[in-house]
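Here is the structure we will look at.
The values are calculated or read from the model by the stated rules, or taken from the named source; none is laboratory data. Because the structure is predicted, anything quoted here is derived from the model rather than measured. Every residue, glycine among them, receives a Cβ derived from its backbone with ideal geometry; neighbour counts consider all protein chains shown.
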Amino acid sequence: MARMNLLPWRVERRKQRQKEFMTMLAGAVLGGVALVLAGSFFLDQQIEGQTSRNDFLKAQIADVQEDIKEIEGLEARKANLLQRKEVIETLQADRSQNVRLFEELVRTIPEGVRLVSIKQTGAELTLSGRSQSESRVSAYMRNLEVSGLINNPRLSIIRAGAGTGAPAAATAAENRALPFGFEMTVTLRPVTDETAAGDATSPDGPAAPAPVEPATPAAPPAAAATPAA
C-alpha cells in the first residue's frame, strides 16, 4: 500500500533554511565584530609602540641638542683662544720686528744723516730727516735697499732749507751742518720663519750689510811752488 505525506513540508523546509541563514548571519556578524576588535587592538598596539618610539626619539634629540649647544660653546671658546693666540703671536712678531727695525735704522744710517721723525702706517714707514748732501741721502737709500728688513725706499722730498724734516727747535748751526731736508717712504719686509729662526739663533739678529758711505771728493792738488828769486 502506497504512503503519501500530506504535511506542509515546503513550509518546514523554508523555516529550516531561514534558521540556517540567521545562524550564518549571526556567525558572520560575530566574526566581523571580532575582526574589528582584533584590528583595533592591533592598531592600538602599533600606535602605542610608535608613541613610545617617538618619546624615545624626542629624549634622544633633546640630549643631542644639549650636546650641540655644548659643542658650540666649545667651538666659540676655541675660536676665542685661537684669536687670542693670533693676537699674541702678532704682538710678539711686531715686538721683534720693531727691535730689528730700530737696529736696521741705526746700522744703515750713514755719517752726515740724521732722522727727525718716523711714522708707520701698516707696512709703510715714512722717514723724515736732515742730511749734509744729496749723496748722503742716496747712500742711505742704498743701505736701506740691501738691508734685511726694509726695502723699496722711495724718496718723496729733498730740498735745501729748514722746511722739510727740520725739528721745531732746530738751531741755525744744525741747519748749516745739515742743510738738506728729506722725506722718504720705505716698505717693511714680512717676518718669515727663516727670519724668526735667524733672530732666535743670533742674540743681535741677522747681521746687516755694512753701510755704504758716499765717496768723499778728492782734495784739489796743491798749487806748484813758485821758484825762489
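What the table below lists for this structure:
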| read-out | value |
| --- | --- |
| Qualifying helices (runs of 4 or more DSSP H) (wholly inside the stretch 131-216; at least 1 residues being at pLDDT 85 or above) | 134-145 |
| Some residue of the stretch 91-98 being surrounded by 10 or more Cβ atoms within 10 Å (Cβ to Cβ), in contact (Cβ under 8 Å) with a residue 40 or more places away in the chain and not aliphatic (A, V, I, L, M) | yes |
| Subset of the stretch 79-102 that is of a type in the set (A, V, I, L, M) and more than 13 Å from the chain's Cα centre (by Cα) - its residue that is modelled with the highest pLDDT | ILE88 |
| Among residues of the stretch 110-139, those that are over 20 Å from ARG176 (Cβ atoms), in contact (Cβ under 8 Å) with a residue 24 or more places away in the chain and touching a strand residue (DSSP E or B) at 6+ places or on another chain (Cβ under 7 Å), counted | 6 |
